[in-house]
Structures are given as structure tokens and as C-alpha cells.
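**Student:** Next up is a structure, given as C-alpha cells.
The values are calculated or read from the model by the stated rules, or taken from the named source; none is laboratory data. None of the values given here were measured: they were computed from a predicted structure. Cβ sites come from the backbone with ideal geometry, for glycine too, and all protein chains shown count toward neighbours.
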Amino acid sequence: MMTALSDPALRVRLLVAGVLAVCALLLSAAGTGTGSPGVRGTEAERRSAESGIAAALDSLMAEDGITAADVRTWRATAAGKPTGRIEQRVTVGRAFLSLDFNHGLGIRVAQFGARVVGTEKTREQIVAMHIIRGGRTIRTVSFVTDAGR
């Protein structure tokens, strides 16, 4: 009499499924991934990372020919209280390559435990890049295309 577990193919599948489940649990428990909630650190480390991210962003903007006059910066609020997020609105010309900028920014902020997520509003010609560190958005940069540039 042959039972379901005596089938060698079924045993292999069950073994593989078990190993994959254990791996998934281990990865989940480890909190892997850039910008995961495990990347918090002390207040001094947070300030240092945010300062480094701001410097990387400013440097990349300068390399793309974006001047201080093109950038408007403010601290975001919700219900009249500060959220801790910095927002920027940047005016760019039609030749601005947001995909290249997003890629370059992602590489530069990764060393600070952050990542970049981009969103696009096609009709309004706005591309927003959200810099995420420790599971929260710390900065949003919105690039607005100026037809006259």
C-alpha cells in the first residue's frame, strides 16, 4: 500500500516548501532591505544621515544645473503640527531626465540607509521623489516641468 508521503516527488516538494517557508521567516525577522524600519539609530545618527542625504541631493542638483533659485523648500505639517518631513518643489526644463536623476539619487542615499521611490503626475508634468529612511518618508522632492525652459 502506497501513502501520499511515500511518493518521492511529493516529499521533495514538501521539503522545498518547508525550506522556503523557513527562509521567508528568517528574512522577515532580520528586517532586511535598505530603508527598513530597523534603520533608526540614535538621534545623532539620524541627524547625520539626514544631513548627508541633503548634501547628496544638493550635489546632484548642482550637477544637473539646478540652481537655488529653482528650488523652494519648506517643512511639511499635518493638522498644524510638523511631520519631520522636508518638502521641496524644483522647477526644471523639458530636457530634465527624471529617471536618471532618480537612479543617481538612489545610489547616493543608499549609503545613509535610505532609498528613493518615485511617483509621477503626467498631466501636471510633476515627478516626485520620496526619500525613505527607517520606514518613513523624510524628504519629498517634486520636479515640475516649466514649458518655457
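**Student:** Any idea which residue in the range 71-87 is modelled with the highest pLDDT, counting only those that are more than 16 Å from Ala128 (Cβ to Cβ) and of a type in the set (D, E, K, R)?
**Tutor:** Arg75
**Student:** Could you list, ordered by first residue, the pairs with Cβ atoms under 7 Å in which the first is in the range 105-130 and on the phi > 0 side of the Ramachandran plot and the second is part of a strand (DSSP E or B) and crowded, with 18+ Cβ neighbours inside 10 Å, at least 6 apart or interchain?
**Tutor:** Gly113/Arg133
**Student:** Another question, then. Taking the options Arg115, Arg123, Arg136, Arg149, name whichever one is modelled with pLDDT under 95 and in contact with a Gly (Cβ under 7 Å, 6 or more places away or on another chain).
**Tutor:** Exactly one of Arg115, Arg123, Arg136, Arg149 is modelled with pLDDT under 95 and in contact with a Gly (Cβ under 7 Å, 6 or more places away or on another chain), namely Arg149.
**Student:** Just the residues that are of a type outside the set (Gly, Ala, Ser) and surrounded by 16 or more Cβ atoms within 10 Å (Cβ to Cβ), please, taken from the range 41-60.
**Tutor:** The answer is Arg46, Glu50, Ile53, Leu57, Leu60.
**Student:** Given the structure, is Val90 under 18 Å from Val116 (Cβ atoms), at pLDDT below 95, not in a helix (DSSP H, G or I) and not acidic (Asp, Glu)?
**Tutor:** Working: under 18 Å from Val116 (Cβ atoms): yes; at pLDDT below 95: no; not in a helix (DSSP H, G or I): yes; not acidic (Asp, Glu): yes.
Judged against the criteria, Val90 is not a match.
**Student:** In the range 73-92, how many residues are within 15 Å of Ser142 (Cβ to Cβ) and either surrounded by 13 or more Cβ atoms within 10 Å (Cβ to Cβ) or aliphatic (A, V, I, L, M) (or both)?
**Tutor:** 10
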